[in-house]
Every structure is written in C-alpha cells, then in structure tokens.
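Only one structure is covered here, and it is reproduced in the block below.
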Amino acid sequence: MQTIFIMVKCDLGQAYEVADRAVQDVEQVSEVHSTSGQYDLLMKCYLDDGTDIGRFVTEQVQTLPGVKDTFTLITFKAFS
C-alpha cells in the first residue's frame with residue numbers, strides 16, 4: 001500500500017463540491033481537508049502497490065468536475 005497526498009486547486013466556489021465528490025466517488029481517497037494558501041484542498045489517498053500514480057491522478061482526480069490544478073506528493077515512510 002502506498003500513500004500519496006494530492007493538493008487540489010479548484011474552480012472558484014467549487015471546493016466543497018469537489019471535496020464531497022472525491023470522498024464519495026473515488027474509493028482510494030481516505031480524507032480531504034480544506035486548506036489556505038495556493039491550493040484549496042489536500043487529499044490523502046491510499047493506493048495498492050503497483051498502481052500507476054500518474055494514471056490515478058490524471059484519470060480519477062483531475063477529471064473530477066471543478067478541479068483546476070493538482071500537485072502530488074509521494075510519501076516514503078509514516079512516523080508515529
């Protein structure tokens with residue numbers, strides 16, 4: 001299992017709709033947080049090992065209505 005974070009810039013006024021749709025329609029999306037700054041949302045996603053991250057982002061996240069831009073962070077290790 002691999003964890004990625006996707007920062008999402010939304011069309012004006014669409015952040016809540018994008019967040020709701022991502023949580024409901026994309027099973028790999030674990031949680032979505034609204035954020036301040038350059039991006040509107042931060043999505044935490046869990047992908048199966050071997051999943052093509054680029055294909056997941058471009059086909060599952062960037063195609064959500066209201067998504068304007070994304071920035072993906074790939075993680076290595078979680079500390080607790």
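Key figures
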{"quantity": "Accessible area of the chain belonging to carbon and sulfur atoms, whole % at 1.4 Å probe", "calculated": "48"}
{"quantity": "Whole-number Å³ per residue for the convex hull built on Cα positions in the chain", "calculated": "94"}
{"quantity": "Cα-centred dipole magnitude for segment 22-80, charges only on beta-carbon of K, R (+1) and D, E (-1), debye, nearest 20", "calculated": "220"}
{"quantity": "Computed E for Asp20/Thr63 - FRET, C-beta separation, R0 25 angstrom, nearest 0.05", "calculated": "0.95"}
{"quantity": "Anchor Lys9: aspartates and glutamates whose Cα lies under 17 Å away (excluding residues fewer than 8 positions away in-chain)", "calculated": "Glu17, Asp20, Glu31, Asp40, Glu59, Asp69"}
{"quantity": "Under 24 Å from Lys77, Cα to Cα: lysines that are on another chain or at least 8 residues apart", "calculated": "Lys44"}
{"quantity": "Residue-normalised accessible area of segment 10-67, expressed per residue, 1.4 Å probe, Å²", "calculated": "62"}
{"quantity": "Selected from Leu47, Thr58, Thr72, residue furthest toward positive end of dipole (the chain; charges at beta carbon)", "calculated": "Thr72"}
{"quantity": "Heavy-atom accessible area order for Phe56, Phe79, Phe5, largest first, 1.4 Å probe", "calculated": "Phe79, Phe5, Phe56"}
{"quantity": "Cα gyration tensor shape for segment 1-48, rounded if a/c is under 1.5, else prolate or oblate", "calculated": "oblate"}
{"quantity": "With Cα atoms, 0 to 90° folded angle of helix 15-25 axis to the chain main axis", "calculated": "40"}
{"quantity": "Value at 222 nm in deg cm²/dmol, rounded to 500, when DSSP H runs of n ≥ 4 in the chain each add -39,500 (n - 2.57)", "calculated": "-5000 deg cm²/dmol"}
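The values are calculated or read from the model by the stated rules, or taken from the named source; none is laboratory data. Since the model is a prediction, treat every value here as computed from it, not as a measurement. As a convention, Cβ positions derive from the backbone with ideal geometry for all residues, glycine included, and neighbour counts pool all protein chains shown. Note: areas computed on protein heavy atoms with side chains; ligands, DNA, RNA excluded. Shrake-Rupley method; radii C 1.70, N 1.55, O 1.52, S 1.80 Å.
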